[in-house]
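Nothing in this text is a laboratory measurement; each read-out follows from the coordinates by a stated rule. Here the structure is a predicted model, which is why all the values come from computation and not from measurement. Cβ: placed from backbone, ideal geometry, glycine included. Neighbour counts: every protein chain shown.
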Amino acid sequence: MKLIGSLTSPYARKARVVLAEKKIEYDFVLDSPWSPDSLVPDLNPLGKIPVLVLDDDTPLFDSRVIVEYLDNVAPNNKLMPAPNRERTEVKRWEALADGVCDAAVLIFLERKRPAKAQDAAWIARQEAKIERSLAFMAEQLGEESWCMGTHFSLADIAVGCALGYLAFRFPQIDWRERHANLARLYDKLLQRPAFAETAPQE
């Protein structure tokens, strides 16, 4: 199978981390939907990455769909529990982390526009989403070792990718200072090869 993505996308990183944690072999194809010669729209009509192309050429898109497929297709190192309340909580963590990434990407794109065309109120709205979400994450994590308590799961992967994207694109956001437990979690995640080897880079 092939994963289509970039080295900066937090959503592609989430899929790459899951592939590494599950020890699934794949080809990583670099492609940005912003490139004029991108093949992404031919694979995903939404024009977004990542896209996972299966061996039968079926394209899967949206990182949440991809990681759930990967967790189900390989029984080792389960990252999501069976359908129950705990699984719902894992998905809630993932939705929250992806929401942080959504807001951060919107800010990044808005700031690429000419200064006079940028909407300061829009940027402030996205920044507020990030601040609220980080505070909620920190409160929910508390003193636990992992997002779900005692065991590593997809929740930690999603949160780690969101924090990594903030550290990469928005170093001025001092989430490490204000939320020491999130900093401890991210540092612990970086000790895992799957995270260390997928750190975002230009």
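Brief remarks follow.
- Once you reduce the range 1-63 and the range 101-120 to the center of their Cα atoms, the two points are 24 Å from each other.
- Where both bridge residues fall in the chain, DSSP classifies roughly 65% of the beta bridges as antiparallel.
- Among 151-160, 77-86, sorting by the average number of other beta carbon atoms lying within 10 angstrom of each residue, highest first, gives 151-160, 77-86.
- Restricting attention to the range 85-196, the count of lysine pairs at 8 or more positions apart or across chains with alpha carbons under 27 Å apart stands at 5.
- Applying 0.36 nm per residue to the separation of residue 56 and residue 139 and subtracting their alpha-carbon distance, the gain on full extension is 25.5 nm.
- Around the Cα centre of the chain, unit charges on the Cβ atoms of Lys, Arg, Asp and Glu (plus for the first two, minus for the last two) sum to a dipole of about 500 debye.
- Residues whose amide H comes within less than 5 Å of that of residue 48, counting only those at least five positions distant or on another chain, are absent (H built at 1.01 Å from N in the peptide plane).
- As a calculated quantity, the FRET efficiency between residue 121 and residue 178 at R0 = 22 Å, using C-beta atoms, amounts to about 0.40.
- In order through the range 69-76: 3J(HN,Hα) via Karplus (6.51 cos²θ - 1.76 cosθ + 1.60), integer Hz, x for Gly, Pro: 4, 4, 5, 7, 6, 10, x, 6
- Near residue 175: Cβ cut-off under 13 Å, other residues only, Lys/Arg at +1 and Asp/Glu at -1. The net charge is 0.
- Computing FRET efficiency as 1/(1 + (r/R0)^6) for residue 106 and residue 168, where r is the C-beta to C-beta distance and R0 is 22 Å, gives about 0.90.
- In percent, rounded to a whole number, the relative contact order of the range 1-142 is 19, using alpha-carbon pairs under 8 Å and six or more apart.
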